[in-house]
1. Please name which of SER12, GLY153, TRP85 has its Cα lying farthest along the dipole of the chain towards the positive end, using unit charges on Cβ (Lys, Arg +1; Asp, Glu -1) and the Cα centre as origin.
2. Limiting things to C-alpha atoms, what are the Rg and the maximum Cα-Cα separation (Dmax) for the chain, in angstroms?
3. Considering the chain as a Gaussian network with a 10 Å cut-off on Cα pairs, which listed residue, GLU156, GLU142, GLU45, attains the greatest mean-square fluctuation?
4. Mean-square fluctuation check for the chain, GNM, Cα pairs under 10 Å: which of GLU33, GLU11, GLU48 is largest?
5. In a GNM of the chain with a 10 Å cut-off on Cα contacts, which of TYR26, TYR106, TYR46 has the highest mean-square fluctuation?
6. How are the alpha carbon pair distances in segment 1-90 distributed across 5 Å bins from zero to the largest one, expressed in percent?
7. Suppose every K and R has +1 on its Cβ and every D and E has -1 on its Cβ; what is the size of the dipole of segment 10-135 about the Cα centre, in Debye to the nearest 20?
Amino acid sequence: MLKRIAITGPESTGKTWLAEKLAAHYSANIVSEFAREYFQNRKYEYNEDDLVEIAIGQLEKEENIASISGNIIFCDTDLLVIKIWSTVVFGIVPEWIEKQMSEHVYDLYLLCYPDVKWQPDPLRSNPHDRQYIYDLFVKELEQHNLNYRVVKGISEKRFKNAVNFVDELLEYDNKS
């Protein structure tokens with residue numbers, strides 16, 4: 001059975017780097033962040049409707065990749081990122097995103113801790129409140145009783161911590 005692992009957390013916490021490294025390590029497919037494609041040929045201005053479009057695109061992309069994948073995929077973002085993005089920017093979350101979040105649960109959420117240096121990027125805007133945003137992620141994951149692990153450390157240490165968590169999930173699955 002396909003295991004879906006979401007790499008989640010605040011901006012500039014190494015999600016893409018980690019997803020790519022894990023996918024290579026496990027010879028698995030990666031679902032890249034749809035928002036980057038969405039804003040590639042348009043101005044980085046958005047509203048709540050855009051966030052719903054991004055969420056739809058992210059899920060469609062994930063389903064397409066899942067249909068051609070083996071036993072595991074790594075998702076370089078998830079609906080939780082979009083939900084928190086909406087909460088921080090607009091103070092509300094579109095109902096469609098809330099509903100999909102409750103229906104689309106991952107086998108494991110790897111929550112990236114903001115202990116890595118901020119990297120500027122045109123699609124990033126919160127360099128000074130990453131800890132606050134991280135705390136929002138923890139609150140959501142715990143409130144919904146989702147299976148998550150916090151990934152800390154710099155570079156290879158971060159990667160090895162993530163591998164240990166993924167291996168735990170896969171070993172548990174093999175014992176069941």
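1. Toward the positive end, the furthest listed residue is GLY153.
2. Cα only, the chain: 15.4, 49 Å (Rg, Dmax).
3. Maximum fluctuation in the GNM of the chain, among the listed residues, is at GLU45.
4. Result for the chain, Cα springs under 10 Å: GLU48 fluctuates most.
5. Of the options given, TYR46 has the highest mean-square fluctuation.
6. 3, 14, 24, 24, 19, 10, 5, 1
7. Numbers: 11 positive and 22 negative charges, 92 e Å.
The calculation lands at about 440 debye.
Coordinate-derived values only; no laboratory data. Keep in mind the model is a prediction, meaning the values are calculated, not measured. Note that we place each Cβ from the backbone using ideal geometry, even for glycine, and neighbour counts take in every protein chain shown.
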